[in-house]
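Structure first, commentary second.
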């Protein structure tokens, strides 16, 4: 069975033992991974992304662009090597 090219990722919270509280994760992840990590999904934060945009752990990290376009930031990152 072939995997779809697009996946839905969500913002989520995970438990931080240092603070003994749930904290907002720095990345988004597919629902199954969030649940596997023991996280809490923040409903209403769904975003559809290409599966190729997930890192090797299955997390989605958006390139910070400031006020620029996403494509401009991607070009800048690629030019760095």
(Q) Can you say whether residue 43 is surrounded by 10 or more Cβ atoms within 10 Å (Cβ to Cβ) and either out of contact with any helix residue (DSSP H, G or I) (no Cβ under 7 Å at 6 or more places or on another chain) or farther than 14 Å from residue 62 by Cβ (or both), as far as the supplied structure shows? (A) no
Q: Count, please, the residues in region 15-45 that happen to be assigned to a strand (DSSP E or B), in contact (Cβ under 8 Å) with a residue 12 or more places away in the chain and over 13 Å from the mean Cα position of the chain (by Cα).
A: 3
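Every number in this text was worked out from the coordinates using simple rules, so none of it is lab data. Everything numeric here is computed off the predicted structure, so don't read it as measured data. Cβ: placed from backbone, ideal geometry, glycine included. Neighbour counts: every protein chain shown.
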